[in-house]
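Worksheet for the structure shown next.
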Amino acid sequence: MDWTPIRRTSISDEITDRLVTSIMSGHFAFGEKLPPERELASWLKVGRPTVREAIRTLSVIGLVEVRPGAGTYVVHSHADFISKAFSWAVLLDAQTTREVVEARTAIETEIAWLAAERATPADLDRLQTLVGNMEESCDRDEEAFAQADLEFHITLAETSKNTTLSRLLAAIRSLLRQWIQRALTQHHASRSALEQHRAILSAVRAGDPAAAQEAMRHHLREMGRLITEDIGARSDGTAPMLRKPSEAAVPRSGT
């Protein structure tokens, strides 16, 4: 790492850039603890508040985790960072959200096609269990519904037997969770989401790739429409921002 003293001591941008470069180049490994603020400040010839501001920026973008009393750690993997970055992206505006919907549709419709071709009896049993969990929790326990919903999509990716696609979906796991919550918190669409998941599973069980792909496309378009409408309304000031789980007045559901 380049420890040349920082010239611009009034801002933390250069420190942030150097730390990002050091992490992404492997100087600080994923999961590794960063040196204390005082050491970083000494090496870079800046004040500790400036270093603290840079670390706060890295924390906000999801590259490091500040653990009170324990120090600052780089996140455990590239996937953790990518997932957080995608989570921020989906909150930006309706146009960005539409693009994320398109990207997810491209990935998951291919996953559905491959899953219909490659599903084993054990895979089908796992997927049926998750749909069963959604049925049991629908309209009663929306947190459980959301979890089963998320696991259905992750399991379907594993069923595709394509490691790259499975890893892509795992990398955006927290984005999927936000998608699930955002699509249904305002619209109470758990019942329609359940029917859509049943249709996907039915096509996969029948070994019909085209039907599975179309069922997934319909599901993602419908849920994506709800998300895009929600984001667009919020950006226009006509709808409130999504509240924290502890503040929500209605239970959450899944997609």
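Please specify each residue of segment 8-47 satisfying the condition of being among the small types (Gly, Ala, Ser) and touching a Lys or Arg at 6+ places or on another chain (Cβ under 6 Å).
From segment 8-47, those among the small types (Gly, Ala, Ser) are 10, 12, 22, 25-26, 29, 31, 41-42, 47; that's our starting set.
Listed by number, the list holds a single entry, Ala41.
Out of the residues in segment 115-157 that are assigned to a helix (DSSP H, G or I) and basic (Lys, Arg), which is surrounded by the most Cβ atoms within 10 Å (Cβ to Cβ)?
In this case the residue turns out to be Arg126.
Here are some residues: Thr21, Thr72. Which one is under 25 Å from Ala171 (Cα atoms) and modelled with pLDDT of 90 or more? If you could, list the steps in order and put the result at the bottom.
Details: Thr21 fails: modelled with pLDDT of 90 or more.
Selected residue: Thr72, the only one of Thr21, Thr72 that is under 25 Å from Ala171 (Cα atoms) and modelled with pLDDT of 90 or more.
Could you grab me the full set of residues in segment 31-75 that are touching a residue at least 40 places away in the same chain (Cβ under 8 Å), among the charged types (D, E, K, R) and farther than 12 Å from Thr16 by Cα?
Glu32, Lys33, Lys45
Return the residues of segment 122-151 that are within 16 Å of Ser192 (Cα to Cα) and polar (S, T, N, Q); say none if nothing qualifies.
Those that are within 16 Å of Ser192 (Cα to Cα) and polar (S, T, N, Q): Asn133, Ser137.
Residue by residue through segment 152-178, note down the ones that are over 19 Å from Ala199 (Cβ atoms) and among the polar types (S, T, N, Q).
Asn162, Thr163, Thr164, Ser166, Ser174, Gln178
The values are calculated or read from the model by the stated rules, or taken from the named source; none is laboratory data. Remember, it's a predicted structure, so these values are computed and weren't measured experimentally. Cβ coordinates were reconstructed from backbone atoms using ideal geometry, including for glycine residues, and neighbour counts include every protein chain displayed.
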